[in-house]
Structure formats: C-alpha cells, structure tokens
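One structure is given below, encoded as structure tokens.
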Amino acid sequence: MNRLTVWFDGGCPLCRREIALMRRLDRRGRIDFVDVADGNTACPTDREALLARFHALENGRLLDGAAAFAAMWRAIPLLRPLGLLARIPFILWLLERAYRGFLKIRPKLQRWAA
C-alpha cells in the first residue's frame, strides 16, 4: 500500500486532537502527517487553502474535504470500511455536506476547545 500524506492545521486545537488520535490508530505508519500552521512546510498548493480545508495526497492525487478524510480512513485498518464506503458517490456527497457544515461552526468549536 502506498503512503498517504495528510496536511493539517496544527494551530487548531480540534485538528491537533484529531490528528493525535489518527496517529495512534495508524499503527502501521502509513500516513505522513504534515503540520502547515508553522509556515515553514513545503505545500502542494496554497497554504491558506491547506489551512481552510483538510487535504491529503493519495496515489499522486491531491484530495480535500471529505474525500481527504476518506483517504485517511482507508489507510487505517480500523477505519478502512468507512473509507471504502465513502467511495460510493452518494455517501461521499453526504460526508462532504456534513464537512461543509462543520466548517461553518469550526471557529466556535476551536475557541471552545482551546
């Protein structure tokens, strides 16, 4: 299986907690987690875009939003079934809608989590 690269906002308390959990679940070490918050990291696209939405590189393809989460889930055996389910277009559409809803309340949740 190819390695997966995940870019995340290390300045976000919610993101840090989620990535900490994903690192613990990634027992096979298949995911490279890259914190873009410090501004010193090479980015495959605009840094602001990486901070605004979750991104992952799977098999040479840059994904964002729910598709990026699904790619991360596929790399973790425990979550793989959910990631495979997200390959169904309607399921991915639902997950993306939920993700966009989350993004609207993310600033309030970040303040709460801090």
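Just so you know, all these numbers are worked out from the coordinates, no wet-lab data involved. None of the values given here were measured: they were computed from a predicted structure. Cβ: placed from backbone, ideal geometry, glycine included. Neighbour counts: every protein chain shown.
Worth a mention:
- Subset tally (residues that are assigned to a strand (DSSP E or B) and farther than 22 Å from PRO107 by Cβ) for region 5-27: 1
- Members of region 86-114 that are touching a Phe, Trp or Tyr at 6+ places or on another chain (Cβ under 9 Å) and surrounded by fewer than 15 Cβ atoms within 10 Å (Cβ to Cβ): LEU109
- Near pairs, Cβ below 8 angstrom, 6+ apart or cross-chain, from region 43-55 (closer than 16 Å to GLN110 by Cβ) to any residue that is in a loop (DSSP other than H, G, I, E, B) and among the small types (Gly, Ala, Ser): LEU51/GLY11; LEU51/ALA37; ARG53/GLY65; PHE54/GLY65
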